[in-house]
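Chemist: Sharing a structure below in structure tokens format, with a few things to ask.
The values are calculated or read from the model by the stated rules, or taken from the named source; none is laboratory data. Treat the numbers as computed from the prediction; the structure is a model and nothing was measured. Note that we place each Cβ from the backbone using ideal geometry, even for glycine, and neighbour counts take in every protein chain shown. SASA here: full protein model, heavy atoms, side chains in, ligands and nucleic acids out. Shrake-Rupley method; radii C 1.70, N 1.55, O 1.52, S 1.80 Å.
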Amino acid sequence: MHFDLTEEQTMIVATARRFVYDELIPLEEEIEATGGLDPAKAKAIFDKSRALGLYATNIPSEYGGGGLSAVDTMLVEEQFGHTKDILIRRAFGNIYESLLAGDDAQKKRWLLPCVSGERTASIAITEPDAGSDAAGIRTTAVRKGDGYLLNGTKHFISDGLYSDFFIVSAVTDPAARPRHVSLFLVDKDTPGVGIGRDQKMMGLTGTSHVELSFTGVQLGPENRLGAEGQGLSLAYSTLGRVRLAQVGARAIGKACRLMTMMTDYANDRKQFGKPIGDFQMIQQMIADSVVDINGARLMLLRAAWEIDQRREARDWISMVKIEAAETLGRVADRAVQVFGGMGYCRDLPVERLYRDARIFRIFDGTSEIHRTVVARSALKRGAALWDIGA
């Protein structure tokens, strides 16, 4: 095992970190104050990021993306995680690898414009009565001729206001469980597509989370992504890497930013005539945070390595989802405690990072759901899940 970064990895990590701190973090306070990102500034950071090769790094180079391995993607995504969700989306893209399952015509119509930054997509799976239970959706796509009639509702659609089209899950054959769900590519301007309210959140300021409605939306066979009934397997197989990046890696990045702030403050802030970093209880919070971050990162990189070896990594992804999300929560809570009253004030970014941290234990499957995945696998596979010699 070799843990040193290659020269190329070191360069791309440094480039991403510098871009985040020079171009994106200075925009955060404005977004918190206004609730959004100015379109001209969004275009400017997109242009700069694309020029540096940081846009669509997760997409193979044959389609115009960065073509990074899973491990390299996680290294870069950790740097992205130092800033706000909306800035990550505008600067680096949010291109779902599910689009790679499309045929040539679909890739030309939906994937390639995303990679070039001409179009933006959101994934629309969650419903009011189907969150972690993706198989429990009620939106339907009923056969009509050689196409489909789409009806139903979705909510918590991240970036929905900004998106040009949606990757939508719908039941195509209720009797075919578990192969009863299919995925569809639905343009926002298709008749019958409705954009509902933007559901305001505790954190993630600037990112929209809209409700969607589909009323008699007519879709052709070209709108179906993958084979009929393949929706859940396609979503699970391609969204795993998204979970690692958008939850695992970014959570670790946010925790690292908080750690830098904590240690700087502990060295500078004086009480009773000496830096608070000299106090044992402060040292304990810092030490626990360092251990948490490094443990989560090693788990993340192991999961990414499993993907690069073309192995089934579902168990590892669930473990990372739990550990990285909860690590961020613990580090954010400690940061507020170390900063004391100032950590609770909106004058400093600690407060908003604390708010943003809470969602990581919920979206892309709650910690409880992922614990169920891990436990069931452990009961089924036994020591193979935890014993290096098994």
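Chemist: Per-residue ellipticity at 222 nm for the chain, helices alone: DSSP H runs ≥ 4 residues times -39500 (n - 2.57), over residue total, nearest 500 deg cm²/dmol?
Modeler: The per-residue figure over the chain is -14000 deg cm²/dmol.
Chemist: Please list, in order along segment 57-68, the HN-Hα scalar couplings obtained from phi with the Karplus expression 6.51 cos²θ - 1.76 cosθ + 1.60 (θ = phi - 60°), rounded to whole Hz, x for Gly and Pro.
Modeler: Whole-Hz 3J(HN,Hα) from phi for segment 57-68: 5, 7, 9, x, 5, 5, 9, x, x, x, x, 6.
Chemist: Which value, in Å² and to the nearest 10, is the accessible area of Arg143 when all protein chains are kept and the probe is 1.4 Å?
Modeler: Accessible area, nearest 10 Å²: 130 Å².
Chemist: Towards the positive end of the charge dipole of the chain, with charges on Cβ (+1 Lys, Arg; -1 Asp, Glu), say which of Val171, Gly273, Asn294 has the farthest Cα.
Modeler: Val171
Chemist: Okay, moving on. Report in % the part of the accessible area of segment 195-312 that belongs to carbon and sulfur, leaving out ligands and nucleic acids; probe 1.4 Å.
Modeler: 51 percent
Chemist: Per q in 0.12 1/Å, what log10 I(q)/I(0) does a Debye calculation on the alpha-carbon atoms of segment 141-271 return?
Modeler: Debye intensities relative to I(0), on a log10 scale: -0.60.
Chemist: Then there's this: Given the peptides 248-258, 300-310, arrange them by the average over their residues of other C-beta atoms within 10 Å, most packed first.
Modeler: Those peptides, ordered most packed to least, come out 248-258, 300-310.
Chemist: Test of understanding: what is the full-extension gain from Arg197 to Lys41, defined as 0.36 nm times their sequence separation minus their Cα-Cα distance?
Modeler: My answer for the length gained is 53.7 nm.
Chemist: While we're here: Starting from the coordinates of the alpha-carbon atoms of segment 1-146, obtain the Kirkwood hydrodynamic radius over all distinct pairs and give the value in Å to one decimal.
Modeler: The answer is 17.3 Å.
Chemist: Let me ask you something else. Please say if segment 305-360 is rounded, prolate or oblate, where rounded means a/c under 1.5 for a ≥ b ≥ c the square roots of the C-alpha gyration tensor eigenvalues, and otherwise the choice is prolate for a/b larger than b/c and oblate otherwise?
Modeler: Since a/c reaches 1.5 and a/b is larger than b/c, the shape of segment 305-360 is classed as prolate.
Chemist: Quick check on segment 268-326: take the gyration tensor over C-alpha atoms, sort the square-rooted eigenvalues as a ≥ b ≥ c, and tell me if it's rounded (a/c under 1.5), prolate or oblate.
Modeler: prolate
Chemist: Run the 1.4 Å probe and let me know the accessible area of Ile12, rounded to the nearest 10 Å².
Modeler: That residue has around 40 Å² of solvent-accessible surface.
Chemist: List the residues, sorted by chain then number, that are 5 or more residues from Asp187 or on another chain and whose placed amide H is less than 5 Å from its amide H.
Modeler: Residues meeting the criterion, in which the H sits 1.01 Å from N, are Phe166.
Chemist: Using alpha carbons only, what's the Rg to Rh ratio of segment 83-192 with Rh from Kirkwood?
Modeler: Rg/Rh for segment 83-192 comes to 0.97.
Chemist: Next question, about the same structure. Bins of 10 Å, beginning at zero and ending with the bin holding the largest distance: percent of Cα pairs per bin for segment 196-259, please.
Modeler: Taking every Cα pair in segment 196-259, the percentages come to 15, 25, 38, 18, 4, 0.
Chemist: In a shell of Cβ-Cβ distance under 14 Å around Val115, excluding Val115 itself, what net charge do Lys and Arg (+1) and Asp and Glu (-1) give?
Modeler: Result for the local shell: +1.
Chemist: How big is the chain by Rg and Dmax over its Cα atoms, in Å?
Modeler: Rg, Dmax (Cα atoms, Å): 21.5, 80.
Chemist: Given H placed 1.01 Å from N in the peptide plane, which residues other than close sequence neighbours of Gly196 have an amide H under 5 Å from its amide H?
Modeler: Answer set, sorted by chain and number: Glu211, Leu212, Ser213.
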